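Undergrad: Below you will find the structure I want to go over with you.
The values are calculated or read from the model by the stated rules, or taken from the named source; none is laboratory data. All figures in this text were calculated on a predicted structure; none of them were measured in a lab. When we count neighbours, we look across all protein chains shown, and the Cβ atoms used for this are built from the backbone with ideal geometry, even at glycine.
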Amino acid sequence: MRDEVRLPVANVSNAAVTLENISKSFSSHGALARAVDGISLEVAPGEFFSLLGPSGCGKTTLLRLIAGFETPDAGEILVQGRTMAGVPPQARPVNTVFQNYALFPHLNVFDNVAFGLRMKKVPYAELQRRVSEVMDLTHIADLRGRMPDQISGGQKQRVALARALVNEPAVLLLDEPLAAIDAKLRGQLQADLRALQRQLRTTFIYVTHDQDEALALSDRLAVLNGGKIVQLGTPQEIYERPRTKFVAEFLGACNVFAGKFIGDDTMETAFGNLRAEGGSTATRWWGIRREDVRLGEPAENCITGEIIDAAYTGSQLEYTIQAANQMVRALMPSHGLSYKRGHHVSVRFPAEAILLLEDDGLRENGR
């Protein structure tokens with residue numbers, strides 16, 4: 001019989017997960033490449049927290065470090081105030097849902113969900129109760145006798161989710177669990193996942209490269225780049241007030257241009273001087289969301305440009321405008337004014353909508 005692994009005594013922290021200056025490097029072509037670079041972070045109990053960033057930014061490595069599949073080179077990981085140093089994955093109060101489902105092909109749906117409880121030798125009556133409850137919650141009760149090769153991709157992901165939740169983890173780690181699902185079903189699964197998390201109040205840490213998914217699901221999110229957290233906050237904070245050029249471009253389509261803040265709420269740009277509020281000497285770039293660009297409204301911060309492309313997307317028209325050798329993208333309601341290619345139009349950048357951005361590479365490690 002295996003010896004029981006006992007978790008250390010709790011620390012004073014009330015966070016569900018605490019990361020203290022975590023770093024991790026891997027050998028690549030004879031050199032060390034740093035995948036995670038000095039990240040510190042606290043995730044609150046019951047929070048839906050997302051790690052967002054492009055491929056290679058370190059988000060999956062960070063998840064694997066929390067799960068115990070990798071060991072940090074430096075720093076400390078705590079779950080519910082308890083250090084995870086030396087604690088193997090199976091003894092941590094976390095469970096992981098993977099992108100590839102990882103179901104046992106020789107077990108039916110019920111037995112896949114029940115697997116972890118059987119390994120823990122949970123009494124049969126309790127096992128039956130807990131498996132039935134979680135299958136009801138994840139809407140797979142009618143699949144209990146089917147084999148994995150008899151159900152769809154979306155159903156497999158629900159089974160994988162149920163298998164993780166039935167163990168009642170303190171923290172559920174989700175590694176791009178919906179990436180392989182088609183777009184229409186993914187939207188439904190996102191809504192179900194968020195509703196389930198709110199109902200259970202389990203702490204979710206969710207890895208994704210999909211900006212819309214992170215915005216829709218998260219209470220808070222961390223944007224990663226180059227192994228560092230470059231911005232941390234609520235979806236609304238990060239979308240409406242990105243700090244750097246990278247965050248503005250990555251989180252939603254955004255027009256970004258070089259600019260120099262010269263004081264008196266004035267930005268020097270390729271379009272001429274524009275009024276912009278709240279700049280500083282750290283400002284090197286400025287941006288404006290496509291939906292904030294105004295066409296055909298001559299006023300302050302207005303230039304003239306030529307429509308070089310117009311795309312109908314149903315509820316909206318997306319325009320590409322050339323002005324001062326720059327490309328500006330704008331979104332307008334499709335029931336509004338309609339411009340054709342070759343039309344010259346006034347383009348306005350409302351001062352209150354201009355985003356003043358710093359250079360990339362800054363790190364925000366948050367609590």
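Undergrad: Which pairs have Cβ atoms under 9 Å, sit 6 or more apart or on different chains, and link a residue in region 284-306 that is farther than 22 Å from Glu268 by Cβ to one that is part of a strand (DSSP E or B) and of a type in the set (Asp, Glu)?
TA: Correct list of pairs: Arg290/Glu318.
Undergrad: I've got another one for you. Take the residues of region 203-224 that are in contact with a helix residue (DSSP H, G or I) (Cβ under 7 Å, 6 or more places away or on another chain) and either β-branched (Val, Ile, Thr) or over 23 Å from Thr96 (Cα atoms) (or both): which is surrounded by the most Cβ atoms within 10 Å (Cβ to Cβ)?
TA: Ranking the qualifying residues of region 203-224, first place goes to Val223.
Undergrad: Moving on to the next point. Do you know which residues across region 1-58 are outside any strand (DSSP E or B), closer than 26 Å to Phe250 by Cα and modelled with pLDDT of 95 or more?
TA: Ala44, Glu47
Undergrad: Hey, can you tell me all the residues within region 291-301 that are touching a Phe, Trp or Tyr at 6+ places or on another chain (Cβ under 9 Å) and of a type outside the set (Asp, Glu)?
TA: Those that are touching a Phe, Trp or Tyr at 6+ places or on another chain (Cβ under 9 Å) and of a type outside the set (Asp, Glu): Val293, Arg294, Leu295, Gly296, Asn301.
Undergrad: Which pairs turn up if I take residues in region 52-63 that are under 16 Å from Val230 (Cβ atoms) and in the same structural domain as Thr208 (by TED's automatic domain parsing) and look for partners that are of a type in the set (S, T, N, Q) and in a helix (DSSP H, G or I) with beta carbon separation below 7 Å, at least 6 apart in sequence or on another chain?
TA: So the pair list comes out as Leu52/Gln211.
Undergrad: List pairs: first in region 80-102 and free of Cβ contacts under 8 Å to residues at least 24 places away in the same chain and within 19 Å of Val113 (Cβ to Cβ), second part of a loop (DSSP other than H, G, I, E, B) and of a type in the set (Lys, Arg), Cβ under 7 Å, 6+ apart or cross-chain?
TA: none
Undergrad: Out of the residues in region 280-317 that are hydroxyl-bearing (Ser, Thr, Tyr) and not in a strand (DSSP E or B), state the one that is modelled with the lowest pLDDT.
TA: Per the criteria, the residue is Thr281.
Undergrad: Still on this structure: Between residues in region 104-128 that are assigned by TED's automatic domain parsing to the domain that holds Ala141 and residues that are among the polar types (S, T, N, Q), which pairs lie under 8 Å by C-beta distance while being six or more apart or on different chains?
TA: Phe104/Asn112; Gly116/Asn95; Gly116/Asn167; Leu117/Asn167; Lys120/Asn167
Undergrad: For the structure I just gave you, tell me whether Thr320 is β-branched (Val, Ile, Thr), within 34 Å of the chain's Cα centre (by Cα), in the same structural domain as Cys254 (by TED's automatic domain parsing) and not in a strand (DSSP E or B). I'd like the intermediate steps shown before the answer.
TA: On the way: β-branched (Val, Ile, Thr): yes; within 34 Å of the chain's Cα centre (by Cα): yes; in the same structural domain as Cys254 (by TED's automatic domain parsing): yes; not in a strand (DSSP E or B): no.
Answer is no for this residue.
Undergrad: Pairs please, first residue from region 229-240 and under 19 Å from Ile39 (Cβ atoms) and assigned by TED's automatic domain parsing to the domain that holds Leu52, second anywhere and small (Gly, Ala, Ser) and at pLDDT 95 or above, Cβ atoms under 7 Å, 6+ apart in sequence or on different chains.
TA: Note: pairs meeting the criteria are Ile229/Ala222; Leu232/Ala222.
Undergrad: Every residue in region 252-281 that is of a type in the set (D, E, K, R) and either farther than 21 Å from Ala299 by Cα or surrounded by 12 or more Cβ atoms within 10 Å (Cβ to Cβ) (or both), please.
TA: Lys260, Asp265, Glu268, Arg275
Undergrad: Let me ask something else about it. If you scan region 226-246, which residues turn out to be part of a strand (DSSP E or B) and surrounded by 21 or more Cβ atoms within 10 Å (Cβ to Cβ)? Let's see the steps before the verdict.
TA: Step one: of region 226-246, the residues part of a strand (DSSP E or B) are 228-233, 244.
Correct list: Lys228, Ile229, Val230, Gln231, Thr244.
Undergrad: Can you tell me how many residues within region 333-367 are at pLDDT 90 or above, farther than 23 Å from Ala258 by Cα and not in a loop (DSSP other than H, G, I, E, B)?
TA: 1
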